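What follows is a short report on a single structure.
The values are calculated or read from the model by the stated rules, or taken from the named source; none is laboratory data. Bear in mind the structure is a predicted one, so any value in this text is a computation, not a measurement. Here the Cβ is made from the backbone with ideal geometry for all residues, glycine too, and neighbour counts use every protein chain on show.
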Amino acid sequence: MTEPQLHGTCSDRFQSLRAALEANVLSGEELGVSLVVDLDGETVVDLWGGFCDEARTAPWTKDTITNLWSTTKTVTNLAALMLVDRGEMDVFAPVARYWPEFAANGKQDVEVRHLLAHTSGVSGWDQPFRIEDAYDWEKSTSRLAAQAPWWEPGTVSGYHASNQGHLVGELVRRVSGKSLKEFVATEIAGPLGADFQIGAREEDWERIAEIVPPPPLPFDLSALDPDSVMAKTLLGSCSDAADANTAAWRRADMGAVNGHGNAASVARIMSAVSSGGEVDGVRLLSSKTIDLVFNEQANGVDLVLGIPLRWGIGYALPQPETLPYIPDEEGICFWGGWGGSMIVMDRGRRLTISYMMNKMAPGIIGSSRSETYLAAIYRAMR
């Protein structure tokens with residue numbers, strides 16, 4: 001086993017960030033990691049290092065990618081917003097306008113924005129549910145279309161943990177004629193030259209960093225009220241982190257949980273939100289559509305995660321009670337992945353912060369590591 005190393009570039013302004021990241025890599029707190037800061041279209045931090053595997057035999061390189069869990073949702077929802085921007089979809093229209101079968105069982109008034117803001121009432125699959133069901137697009141989306149909502153749509157959020165990619169992805173498919181995986185490849189990653197994909201092509205498997213699962217959840221799922229939204233969602237979700245290292249997972253199209261990329265590729269894509277909709281001459285969104293992101297849809301304790309959250313259309317908005325290290329300011333939106341990855345889009349500062357790793361930390365959203373890095377970045381921005 002060799003000593004872990006940190007590579008890449010970092011401007012003088014962010015040396016405290018580099019020091020914090022390097023300390024975590026050297027101590028083993030991080031296994032493998034990538035971190036990018038884009039400021040007004042310039043990459044001022046691009047760091048990576050550590051190892052791809054728990055045995056510490058393969059170094060994390062500039063081209064390493066890994067499963068990004070719910071950071072994937074930020075790209076999935078961008079795909080939907082691009083269709084809105086083109087005038088092909090309306091966030092205030094019923095989902096059933098584009099996906100007629102979804103009107104079943106009292107969901108005729110569920111709007112597109114409700115799927116994007118986790119307020120649709122359909123935050124998971126009715127039991128029985130197995131992970132293999134999520135791999136089957138037709139089966140999994142048909143089941144969601146047939147379900148009754150678990151609460152009154154539009155009234156409160158309940159995190160669509162594993163199924164948001166199927167819900168939004170089916171809208172993308174119905175409107176664009178392309179699967180979500182194909183839309184992301186041809187309309188987002190391809191034009192931007194971003195090393196990101198939903199699932200992972202088999203030829204890329206050798207450069208995928210192994211996911212190291214987090215400690216067990218601090219509660220017993222079986223002890224929850226089985227009729228609660230939390231229990232139904234988590235039981236009808238992809239809850240075994242080790243699944244991310246399997247071939248079946250990588251072949252699936254699951255826009256909530258199985259995107260593969262790294263900090264650089266996610267930053268390149270999501271900087272479209274931070275920088276007015278355009279990245280190096282490639283326009284994905286207009287300012288008017290970006291405004292929709294900051295249209296608050298829910299503000300309160302999330303029924304699934306059990307913590308206070310604010311949701312805009314597609315992304316979370318600052319909530320100091322839950323994530324005090326993200327400034328409570330207009331024009332900031334974010335989300336992250338299980339285990340602690342994080343992508344922050346700061347429109348006011350034209351700032352994009354992207355942190356991706358393979359050793360999952362405990363907790364629901366964010367981690368002590370992401371808190372350390374974000375705090376260092378915003379201190380440096382003062």
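Descriptive notes on the structure:
- Any hit, the stretch 318-326, residues being in contact with a helix residue (DSSP H, G or I) (Cβ under 7 Å, 6 or more places away or on another chain) and surrounded by 20 or more Cβ atoms within 10 Å (Cβ to Cβ): yes
- Yes/no for Asp126 being part of a helix (DSSP H, G or I) and within 23 Å of Ala248 (Cβ to Cβ): no
- Only one of the numbered conditions (1) crowded, with 18+ Cβ neighbours inside 10 Å; (2) within 19 Å of the chain's Cα centre (by Cα); (3) farther than 20 Å from Tyr98 by Cβ; (4) not aliphatic (A, V, I, L, M) is violated by Pro214, and that is (1).
- Identity of the residue in the stretch 347-382, within 16 Å of the chain's Cα centre (by Cα) and outside any loop (DSSP other than H, G, I, E, B), that ends up farthest from Ser274 (Cα to Cα): Met357
- Thr57 meets the conditions (1) farther than 20 Å from Arg349 by Cβ; (2) in contact (Cβ under 8 Å) with a residue 60 or more places away in the chain in every case but one. The failed one is (2).
- A single member of Leu26, Leu47, Leu17 is at pLDDT 95 or above, farther than 12 Å from Asn358 by Cα and under 22 Å from the mean Cα position of the chain (by Cα), and it is Leu47.
- Qualifying residue in the stretch 285-300 (condition: more than 19 Å from the chain's Cα centre (by Cα), closer than 25 Å to Val37 by Cα, among the polar types (S, T, N, Q) and surrounded by fewer than 18 Cβ atoms within 10 Å (Cβ to Cβ)): yes
- Within the option set Ser176, Ser142, Ser123, being surrounded by fewer than 21 Cβ atoms within 10 Å (Cβ to Cβ), within 26 Å of Asp243 (Cα to Cα) and of a type in the set (S, T, N, Q) holds for one residue only, Ser142.
- When the residues of the stretch 64-114 are filtered to those that are among the charged types (D, E, K, R) and within 19 Å of the chain's Cα centre (by Cα), the one that is surrounded by the fewest Cβ atoms within 10 Å (Cβ to Cβ) is Arg113.
- Answer residue from the stretch 186-203, given it is surrounded by fewer than 17 Cβ atoms within 10 Å (Cβ to Cβ) and out of contact with any Asp or Glu (no Cβ under 9 Å at 6 or more places or on another chain) and is farthest from Asn245 (Cα to Cα) among those: Pro191
- Test: residue in the stretch 313-322 that is more than 18 Å from the chain's Cα centre (by Cα) and either farther than 18 Å from Asp38 by Cβ or not acidic (Asp, Glu) (or both): yes
- Scoring Gly199 on the criteria (1) of a type outside the set (A, V, I, L, M); (2) out of contact with any Lys or Arg (no Cβ under 7 Å at 6 or more places or on another chain); (3) within 29 Å of Pro128 (Cβ to Cβ) leaves a single failure, condition (2).
- Flag for Arg283 being within 23 Å of Asp90 (Cβ to Cβ) and either at pLDDT below 95 or in contact with a Phe, Trp or Tyr (Cβ under 9 Å, 6 or more places away or on another chain) (or both): no
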